[in-house]
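Here's the structure we're looking at; comments come further down.
The values are calculated or read from the model by the stated rules, or taken from the named source; none is laboratory data. Every value quoted in this text rests on a predicted model; they were computed, and no experiment measured them. Neighbour counts are summed over all protein chains in view; Cβ atoms, including those assigned to glycine, are modelled from backbone coordinates with ideal geometry. In case anyone asks, the SASA skips ligands and DNA or RNA and just uses the protein heavy atoms, side chains included. Shrake-Rupley method; radii C 1.70, N 1.55, O 1.52, S 1.80 Å.
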Amino acid sequence: MFNRLYEEYPKVLAVFDSETESELTEKECAALIEVMELKNKLTEMEMQAGYFRGCYDSVGYLKKAGIL
């Protein structure tokens, strides 16, 4: 999904690669917002996966220790 947006709107990728100002069209701004939303969703999913993996491992350790 990111690649399609980056190919269609190359200036959007430049926003992340540079610390200089970028001039974006209205469509490029909309694409940037979509990219940011997708990145946020991906980050949230990664954090949830880590959280649930930690819970799963904790239960496993407690069972192994005979506590559960």
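So, with a 1.4 angstrom probe, what is the percent of accessible area on the chain that is carbon and sulfur?
After summing per-atom areas, the C and S share lands at 58 percent.
Quick one: if the Förster radius is 25 Å, what FRET efficiency do Ala14 and Met47 give, using the C-beta to C-beta distance and rounding to 0.05? Display every interim value, and only then the final one.
Numbers: r = 27 Å, r/R0 = 1.09.
Between Ala14 and Met47 the formula returns 0.35.
Return the lysines within reach of Lys11: Cα separation strictly under 30 angstrom, same-chain partners fewer than 8 residues apart disregarded; answer none if there are no such residues.
Within reach: Lys27, Lys39, Lys41.
Considering only the other residues whose Cβ falls under 13 Å of the Cβ of Gly50, what net charge follows from Lys and Arg at +1 and Asp and Glu at -1?
-2
Could you compute how fast the chain diffuses translationally, taking Rh as the Kirkwood radius over C-alpha pairs and applying Stokes-Einstein at 10 °C with viscosity 1.306 mPa s? Give it in µm² per second.
Result for D is 108 µm²/s.
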